[in-house]
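Structure first, commentary second.
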Amino acid sequence: MTTVTGAVTEAPATTVPEPARRTSPYPYWFILPGGVIFTVFFLVPSVMAFWFSLTRWTLFDQEFIGLDNYVQFFREPALSSGLRHTLVYAVTTSGLKVVLGMALAVLLTGPILGRGFMRSVAFFPVLVSTIGVGLTFQILMHPTRGVINQALDLIGITGPAWLVDPDWALLSVAFVDVWQGVGLATVIYMAGILSIPGEYFEAAKMDGAGAWHRFRNITLPLAKPATVSVILLSLIGGLRKFDLIWAMTKGGPGFTSDVMASVIYKQYQAGFYGLSTAGNVVLFLLVILIALPLFWFFNRRDDQ
Amino acid sequence: MSTRPRPNYPLSGLAVVLFGVVFLVPFGFIVLTAGKTAQESALLDFSWPTEWAFVANLQAVVEARDYLLIIAFINSTILTVASVTVVVILAAMAGFVLQRRRSRFTRAANLIILSGLVLPPAVVPTIWVLQRIGLFKTMPGLILVEIAYAMAFCVLLFQAFIAGIPKEMDEAATIDGAGPLSLFFRVVFPLLRPIIVTVVVVQTVFIWNDFTSPLYFLPGDENATVQLTLFNFQGQYASSYNLLFMDILLVTVPPLIMFMIFQRQIVSGMVAGSVKG
């Protein structure tokens, strides 16, 4: 490809003045300003994190302490449980977004009225301030007076105490995450389903395939790229989620809804910068460990 | 999708009602609570206010703590406008060269860009960098961080779009004597209009709603962004839910306006961005 640019610059050499001809029309320095900002404020901190996580650190001076931060991280249940909660949170949210996003997309691409309205209504929460959503649902999920439990009472169900129940807190936040994010999954799936040629469905219908078979054998396999996007996007988003959890529970009650990102913030607030950064590195590795095999797996399957 | 069967009316009705309840009731709750008096809002119920205190609440929220909310709106606006402007220009330039030149270097660069999309940022070391160059707790520092975090997403979107612009365009312009700068800014940049609109709108919403970066990199009341005031309101007005929800309502209005004007660009941009990633 680089030879193409070379050929272009040589061809008209007779008619044009010579100095401008020397350089490529695509100079590498175009990448420089953006590249420098990205390097200084994203790459350098990411690489330095590995060193700082091995130190007792106050921003001004640091003392090398080896793997002590990591040892402490995995020894203290309050910290290491954050790792488990992060996984539960990411898997729950992305699983629900896949299933509900697919269901809503099938509904909205089917023979139905009010499609535009429903798509807009489901998508809008994606754009709303996560803190605003978190604070609103904190009120809606009030154990006794909250609108959700009041509504459940009407149909004879006693709702859980949501955010104040240690067994429910993390799941409650995950549900709100799904409420806010399912609109994006839905539009990704809608784009995937609408790109499937209509003749496939027609032909299957001719052959007598029912709605379930058409979904199972046409929509589901051919919308796979959309599924891959939704899974990757929501897993990566779920693993690093902070704002919603912080707005709703601050990791409580106790540490029952603490995730990696909130542990990192709490340790930072407490002045344990080395420990906080160690948590950051653990999160880092967790994301790589989960995202990389998925990338590899999905790409490999696509090639065949 | 080509031959659409007769719409299913009962299913449509059911779906519209269900979507309305699930997705609109929370917003209705915000608006209604923002219009209630303090005592009535403390009941936390979903009901029509017996007495509208909308204007009084609006005034109270705006005037609270020496017009902190106004300052926060100004701060958030500066942050969003500056970050988005810079990131659009720099990402378009980088995306242009990265797409047009295919070499070992650009392939490596693309891999690193992908990492920027996937990896969680290392927050405390970023504070260390900001402190070293004297930009910690300053607006320019936060702007640079937002630019860095938005860069990967924007560069990938620009690359995908530029791939659809024929290279013959560049060649024609180059033959006419255009240097790289005028080739890019006079010929290519105007062609990027659709994707620029998408990137601007999506990033504006992202950065406007960003809570974590200001929390870490720009702490302090005098620098508060709107998302932080929202969070702080919760502590200060523990019993004044009407004021809290008025604040939520105000913070939600700018994205709502963006959504109503640019719905198509936002949806397509976020779908394209997620499929790329």
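General remarks:
- Scanning region A:134-161 for residues that are more than 13 Å from every other protein chain (Cβ to nearest Cβ) and under 25 Å from the mean Cα position of the chain (by Cα) yields nothing.
- Spans of helices (runs of 4 or more DSSP H) in region B:117-200 with at least 1 residues more than 10 Å from every other protein chain (Cβ to nearest Cβ) and within 23 Å of the chain's Cα centre (by Cα): B:139-162
- Lone unmet requirement of (1) among the small types (Gly, Ala, Ser); (2) assigned to a helix (DSSP H, G or I); (3) open to solvent by 10 Å² or more (accessible area, probe 1.4 Å) for A:Gly274: (3)
- Remark: A:Phe52 matches the filter, which requires a residue to be in contact (Cβ under 8 Å) with a residue 40 or more places away in the chain, open to solvent by less than 30 Å² (accessible area, probe 1.4 Å) and facing chain B (nearest Cβ under 7 Å).
- Number of the condition not met by B:Asn57 [criteria: (1) more than 25 Å from B:Phe185 (Cβ to Cβ); (2) at the interface with chain A (Cβ under 10 Å from one of its Cβ atoms)]: (2)
- Options A:Leu32, A:Leu79: the member that is surrounded by fewer than 21 Cβ atoms within 10 Å (Cβ to Cβ) and either part of a helix (DSSP H, G or I) or modelled with pLDDT under 90 (or both): A:Leu32
- The residues on offer are A:Leu275, A:Leu232, and the sole one that is out of contact with any Ser or Thr (no Cβ under 6 Å at 6 or more places or on another chain) and facing chain B (nearest Cβ under 9 Å) is A:Leu232.
- Remark: pairs (first residue in region B:128-153, over 20 Å from A:Phe50 (Cα atoms); second residue of a type in the set (Asp, Glu); Cβ separation under 8 Å; 6+ apart in sequence or on different chains) = B:Glu146/B:Asp210.
- The set of residues from region B:117-136 being out of contact with any helix residue (DSSP H, G or I) (no Cβ under 7 Å at 6 or more places or on another chain) and either among the charged types (D, E, K, R) or open to solvent by less than 10 Å² (accessible area, probe 1.4 Å) (or both) comprises just one member, B:Arg132.
- Here is the figure for region B:97-116: residues that are within 7 Å of chain A (Cβ to nearest Cβ), in contact (Cβ under 8 Å) with a residue 12 or more places away in the chain and farther than 30 Å from B:Leu215 by Cα total 2.
- Counting only helices (runs of 4 or more DSSP H) wholly contained in region B:18-104, no element carries 3 or more residues that are among the small types (Gly, Ala, Ser), surrounded by 14 or more Cβ atoms within 10 Å (Cβ to Cβ) and in contact with a strand residue (DSSP E or B) (Cβ under 8 Å, 6 or more places away or on another chain).
- Test for A:Tyr200: is it farther than 16 Å from A:Ala78 by Cβ, surrounded by fewer than 21 Cβ atoms within 10 Å (Cβ to Cβ) and among the aromatic types (Phe, Trp, Tyr): yes
- Given (1) among the hydrophobic types (A, V, I, L, M, F, W, C); (2) open to solvent by 60 Å² or more (accessible area, probe 1.4 Å); (3) more than 24 Å from A:Val98 (Cβ to Cβ), number of the condition A:Ala161 does not satisfy: (2)
- Single unsatisfied condition, B:Tyr9 versus (1) among the hydroxyl-bearing types (Ser, Thr, Tyr); (2) farther than 22 Å from A:Pro111 by Cβ; (3) at the interface with chain A (Cβ under 10 Å from one of its Cβ atoms): (2)
- Of the residues making up region A:108-122, those that are crowded, with 21+ Cβ neighbours inside 10 Å and at the interface with another protein chain (Cβ under 7 Å from one of its Cβ atoms) are A:Met118, A:Ala122.
- Taking the listed residues A:Val126, A:Val182, the one that is among the β-branched types (Val, Ile, Thr), within 23 Å of A:Val99 (Cα to Cα), under 25 Å from the mean Cα position of the chain (by Cα) and facing another protein chain (nearest Cβ under 9 Å) is A:Val126, with no other qualifying.
The values are calculated or read from the model by the stated rules, or taken from the named source; none is laboratory data. Nothing here was measured: the structure is a model prediction, and the numbers come from that model. We place every Cβ from the backbone using ideal geometry, glycine too, and count neighbours over all the protein chains shown. Heads up: the accessible areas ignore ligands, DNA and RNA and are worked out on the full protein's heavy atoms, side chains in. Shrake-Rupley method; radii C 1.70, N 1.55, O 1.52, S 1.80 Å.
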